[in-house]
Structures are given as C-alpha cells and as structure tokens.
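Step one of this worksheet: look at the structure below.
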Amino acid sequence: MTANLLDYDLEGLAAFCERLGEKRFRAVQLFRWIHQKGASSFDEMTDLAKSLREKLGVTSNVKALDVISQHISSDGTIKWLFDVGDSNAVETVFIPEEDRGTLCISSQAGCAVGCRFCSTGHQGFSRNLKAGEIISQLWFAEHFLRKHMGCDDRVITNVVMMGMGEPLQNYSELVPALRVMLDDHGYGLSRRRVTVSTSGVVPMMDRLGQDCPAALAVSLHAPNDALRDNLVPLNRKYPIAELMQACQRYLDYAPRDFITFEYCMLNGVNDQIEHAQQLIALVRQYSKGKVWCKFNLIPFNPFPASGLTRSSAGQIQIFSKLLSDAGIVTTIRKTRGEDIDAACGQLAGDVKDRTDVGERIARQRTVMLTPMKVFNKVVKET
Ligand code: SAH
Ligand code: SF4
C-alpha cells in the first residue's frame, strides 16, 4: 500500500526512511521539502539522491485533500471545503487579522458528541480524519496563501482545532498532526499558538498534557451540570467538577498557561445574570488565589434545526461585564466571515443535506472556485 507521507510526524518519517534502508536523517530533508516548501512531487526534491526519489516514488506519495470549494468573505476570511470521500466534506477557515493569521482546522467528519447548538453535532459522526488529512488542511492553506500572496514568510501564525469534530475523540491521529505543526522542521509554531478545543474528554485531556501540551480551550457553555447535561451531552459522562479538576491537572503540565473557556451565548438559555454568578463562583472555587482561566464569549451562530437564538449584543455585554468585574479576563469573539457561513459546520452541513451530493460537489468544484483576481484583491486588502 502506498504510504501518504503527510500522515507522519518527523519521528514517523524517520522510521519510514529506515524501512526503506535509508539513514534516518534523510527524513529531515524530506520533511522540510514537504512542510516548509510545500512540495508534493519527489522530482522537486533536487537535493535528495535520485535513487531515494525513485524509491519514494514507488512506495509513497504526498497526498493532500481535494478542495471542493473556496469562499472568500468581504472581511478577508477564507473558507475551504475539502472532500474526504463517501460524500463527506470538512471545512477549514483562515481568519486574517492585523497581527496574525489563524487557521481553524477540522479533526473529524461530523462529530459524535452532539451538542445542541452545533450544526456539526446535528449531522452526526461519519469518521475520524487521518493525521495526514488533519495536517493537509494546514499544508494546503499555508502554501496556497503564500503562493497567492506572493510571500515567502509564514502566513499562518496560529492554529485552532475548532473546526468540525471533537479532536480528543481522535487522539491517535491528532497528536502526530500537532507534532508536525510544532516541529521546527515543520511549521515551527510555538505551543501557545496551537490551540486544542475540547468539549471535555477528561482522560484525553490528561494524555494531551503529558504528550503534547498545546494551548487548551474547553467548551464550557453552562455553569451547572443540569444545564450542561442538556447542551453538551458528554457532560453526563464527565461532569463539571471532573472537568475542572482535569483543567487544573493540565495546568501542571503547562504552568504559566491559562485555560480558555468557550461559552456560546444562547438567548434565554445560558446568558442570564444568575449564570454569570454561578460561573464566577465556579472559577473562584478552583482559583487558589491565582488567575488560571479566561472566558471567550461566542455569539451563537444560529441554524434552523437548533431551535435556539443568539443572545442580544446588549445581553452579551452585560454578561461580559459581570465576569470582568469579578476579575475574570473575558473577551467577546468577533463574528467573522458571516456572509460565507464561516463557522462551525455550516457549509459542510449544506453539502450533506443535499440528496445528490456527488452532483453538488461536482458543481461546486467548477462554479465556486473563486477567480484568482478576486482572491488576490481581497487578500491584499486585508
Ligand atoms: N469539538 C470541539 C471543537 C470544535 S467546536 C469543541 O466542542 O470544543 C469549536 C467551538 O465552536 C466550540 O467551542 C463550540 O462549542 C463552538 N460552536 C459550535 N457550534 C456553534 C454555534 N452554532 N455557534 C457558536 N459557536 C459554536
Ligand atoms: Fe462536536 Fe464540538 Fe460540535 Fe459539540 S461543539 S458537537 S463537541 S464539534
């Protein structure tokens, strides 16, 4: 079977080179060609011996996911939909800001957790992505953007595992992908610039702390178990007290870090004054006099099947002020790319809903790929 070299972290690639009868250090060269230069054909790798390139040619490839469509928002946000086979698609979003470029990556096709406010959750679970399919999103976006922005430097400075799927329910594929992101011979991103977002898979939070302590975001969404059981069904397995203790243990592996709590603002459901008060009490219970977390309030991105609505801007402000006044660092997430539904499983959901998915994908492939002229203009202006 042909090996996809995108599936390997540097250690895995070194072991692969050894199996080919090559020295392990060849893996560094190969890894740099793939991830730093964006090479996908062995012919390009001119400083590798011809005999090695031939061996690689028969045993392996560098196979990225195919792009189904590309949407560019008026605010410069770009969303790609990737084909993962069997009529499934995952999405990746690039969010340019003045001082950084953030890529939001998917870890699964669909998701088994089934949160009430999440359109990916409503689609159900299709399958885990392979490490290569996870890293492929960064590989594609980074080299695509570099090429079309005419820039040799790094464009993506931050990665957030906040696309489709629960990354900690795909742990064995997530970790090699994270290692490629962090490796100096790969994307060289610092640990704090790679964020894993989880709905609270407690045992895997512990393993992540030991194996690869990236920045951690925890999707809290409710201050008490009764409400969280209802919004995030995984809470019935790992209730809030266990989750909070796992957060404390995580901070032992990543001292000086903070846990970011994500809190999706749902009108009349979790956005009342009493909810803010309960959150403040919860944070204090674990603070031991230190600041250990911050809050990121996310305006709910509505979709019809949820039956939920977004809290008003005023309510979000009141909620935010209550937390801030209690000494909790709180930010309100800016909604980006709303004109292209660049949030949380929306476009991929669109594809899944159609009966003749194959036809829709084919149509999108031809129609939606944005003319480069428009793309260049938008990207240069941001
Ligand atoms: N499964 C992981 C990561 C993917 S979801 C997790 O749940 O953390 C990334 C973030 O988007 C999570 O905080 C999630 O709760 C939030 N989210 C999901 N659906 C949303 C919606 N419709 N509006 C706003 N935020 C949403
Ligand atoms: Fe899955 Fe995260 Fe969506 Fe919940 S919010 S259903 S865990 S992707």
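Structure above, values below:
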quantity: Count of residues meeting criterion [modelled with pLDDT under 95 and either outside any helix (DSSP H, G or I) or acidic (D, E) (or both)] in the range 287-306; calculated: 8
quantity: Strands (runs of 3 or more DSSP E) contained in the range 95-161 and holding at least 1 residues closer than 20 Å to V196 by Cβ and touching a Ser or Thr at 6+ places or on another chain (Cβ under 7 Å); calculated: 100-104, 108-110, 158-161
quantity: Test: residue in the range 134-141 that is of a type outside the set (A, V, I, L, M) and within 16 Å of ligand 1 (Cβ to nearest atom); calculated: yes
quantity: Selected residue (criterion: farthest from ligand 2 (Cβ to nearest atom)) from residues of the range 209-224 that are among the polar types (S, T, N, Q) and surrounded by fewer than 20 Cβ atoms within 10 Å (Cβ to Cβ); calculated: Q210
quantity: Residues of the range 58-88 that turn out to be among the β-branched types (V, I, T), more than 17 Å from L6 (Cα to Cα) and part of a loop (DSSP other than H, G, I, E, B), as a count; calculated: 1
quantity: Residue that is farthest from A141 (Cα to Cα), among those in the range 19-62 that are aromatic (F, W, Y) and touching a helix residue (DSSP H, G or I) at 6+ places or on another chain (Cβ under 6 Å); calculated: F42
quantity: Qualifying residue in the range 258-265 (condition: within 14 Å of ligand 2 (Cβ to nearest atom), over 16 Å from the mean Cα position of the chain (by Cα), in contact (Cβ under 8 Å) with a residue 12 or more places away in the chain and part of a loop (DSSP other than H, G, I, E, B)); calculated: no
quantity: Unique residue being over 25 Å from D339 (Cβ atoms) and in the same structural domain as N158 (by TED's automatic domain parsing) when the list is S87, S119; calculated: S87
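The values are calculated or read from the model by the stated rules, or taken from the named source; none is laboratory data. The model shown is predicted, which means the values in this text are computed figures rather than measured ones. Positions of Cβ are backbone-derived with ideal geometry, glycine not excepted, and every protein chain shown enters the neighbour counts.
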